[in-house]
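Remarks on the structure that follows.
Bear in mind that the values in this text are calculations on the coordinates, not laboratory data. This is a predicted model, so every value here is computed, not measured. Glycine gets a Cβ as well: all are built from the backbone with ideal geometry, and neighbour counts include every protein chain shown.
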Amino acid sequence: LSEATMIEIKNLNKIYLKGKKNMVHALNNINLKIDDRETVAIIGESGAGKSTLLHIMSCIDNFDGEYYLDNIDINKLSESKKSKLRSSKIGIVLQDFALIDDFTVFENVMTPLYFNKKIKDKKGSVMRALKKTGIASLKAKKVSQLSGGQKQRVAISRALVTSPEYIFADEPTGSLDSKTSDEIIKMLFELNSNGITIVIVTHNLEIANQCHHIIEIKDGNIIKDICS
Ligand code: ADP
Ligand code: MG
């Protein structure tokens, strides 16, 4: 592993519905560091704040405090700069796939490229991503016709299509049987060995124990932060 810290979060707080009666302090003074090329597991009970933290790391949600990604101060970026950063560095695999059922596999994986001006060979990029996840032969199928494991491969292909440096995956094996789950995790680790930093939210301790770095959250607080 390189010594370089690529993610640094300092005194980060997330309050939903700030100022309202039903406001939620979802993350409470979070501090953490993630090195380049780590595999990181974020664990904790339901409602602990795992997805909130993952969304913030993926630069799709705002927060109070400091977050540096590759030394870029995320809270100082405009929305348009943030969206450029996302499309150049970040791949996101959301909980329950978040695919468009009526689109084909190819069309789903293409979606992050519609507004991407850097990538010229869009079709080639989609096909390369589909080959990496082993589903090139499914490119013309509608997502509604696929199994859960195939859908997760589509979601990972869509995260890969921009050649990201980071992949943030929210319970990527949550709804899969154990064999398919093993295949998906193996694939994420392979991507890591090719240089991508991987952050996985998971309930599965067997998966967490395979990661370099385990962060446990409870009620919005980090209660364990272990690097192996
Ligand atoms: P986890 O992923 O660990 O299950 P979440 O990050 O989804 O937890 O949620 C943490 C807390 O924040 C929970 O109490 C949840 O109800 C609350 N929460 C999450 N999203 C929102 C939202 N958009 N508005 C208000 N509260 C939210
Ligand atoms: Mg969640």
For this session: Rounded to the nearest Å, what's the spacing between the alpha carbon centres of the stretch 102-139 and the stretch 158-228? Just the number, please.
Result: 22
Problem set entry | Share of pairwise Cα separations in the chain, more than 24 Å, in percent | 43
Exercise. What residues have an amide H closer than 5 Å to that of LEU77, excluding those fewer than 5 places away on the same chain, when H is modeled at 1.01 Å from N in the peptide plane?
Worked result: none
Exercise. Per-residue ellipticity at 222 nm for the chain, helices alone: DSSP H runs ≥ 4 residues times -39500 (n - 2.57), over residue total, nearest 500 deg cm²/dmol?
Worked result: -9000 deg cm²/dmol
For this session: Can you check what the Kirkwood hydrodynamic radius comes to for the stretch 1-104, Cα pairs only, in Å to one decimal?
Result: 15.2
For this session: Please compute the net charge surrounding ILE156, taking Lys and Arg as +1 and Asp and Glu as -1 over other residues with Cβ under 15 Å from its Cβ.
Result: +2
For this session: Once you have a ≥ b ≥ c as the square roots of the Cα gyration tensor eigenvalues for the stretch 85-151, tell me rounded if a/c is under 1.5, and otherwise prolate or oblate according to whether a/b is larger than b/c.
Result: prolate
Exercise. About its Cα centre, what dipole magnitude does the chain give when the only charges are +1 on Lys and Arg Cβ and -1 on Asp and Glu Cβ, stated in debye to the nearest 20?
Worked result: 1040
Exercise. Can you give me the relative contact order of the chain as a percent, contacts being Cα pairs under 8 Å and 6 or more apart?
Worked result: 28
Exercise. By DSSP, what percent of the beta bridges with both residues in the chain are antiparallel, rounded to the nearest 5?
Worked result: 55
Problem set entry | Ranked packing of 33-42, 7-16, 183-192, 69-78, most packed first, by mean Cβ within 10 Å | 33-42, 183-192, 7-16, 69-78
For this session: Considering Cα pairs under 8 angstrom that are at least six residues apart, work out the relative contact order of the stretch 83-195 and quote it in whole percent.
Result: 41
